[in-house]
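All remarks here apply to the structure that follows.
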Amino acid sequence: MVVAIFRYRTAEGLVLLLPESADVLVPWEHVEETVLDLKAGTLRVRFAPSYVERQNWLRNAHVLVGTWTDRFVMKADAASRLA
């Protein structure tokens, strides 16, 4: 089982945090697909097979699927005041 926390989307690629390790930058050329469903709260990232072969931390997983969680919960009325 692979555990990775989505940290950032950058111009260079995706930054994932490996628990008890460090941030890992996955360059865009190794990311085949990303799907973020904000309504369902799910995130899916699919990696290129050649990248998976070289990355021990992926443990041969080609797709990571997880739940999107927010550290900050904002109510709709508070969001409208920011606009």
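Under the condition of being surrounded by 14 or more Cβ atoms within 10 Å (Cβ to Cβ), at pLDDT below 95 and more than 12 Å from Leu58 (Cβ to Cβ), the residues counted in the range 1-16 number 1.
Across the range 25-70, the number of residues qualifying as in a strand (DSSP E or B), β-branched (Val, Ile, Thr), farther than 15 Å from Gly13 by Cβ and touching a residue at least 12 places away in the same chain (Cβ under 8 Å) comes to 4.
Name the single residue that is farthest from Arg54 (Cα to Cα) among those in the range 1-24 being assigned to a strand (DSSP E or B) and of a type in the set (Val, Ile, Thr). Only one residue tops the list, namely Ile5.
The values are calculated or read from the model by the stated rules, or taken from the named source; none is laboratory data. Keep in mind that this is a model prediction, so the values were computed, not measured. When we count neighbours, we look across all protein chains shown, and the Cβ atoms used for this are built from the backbone with ideal geometry, even at glycine.
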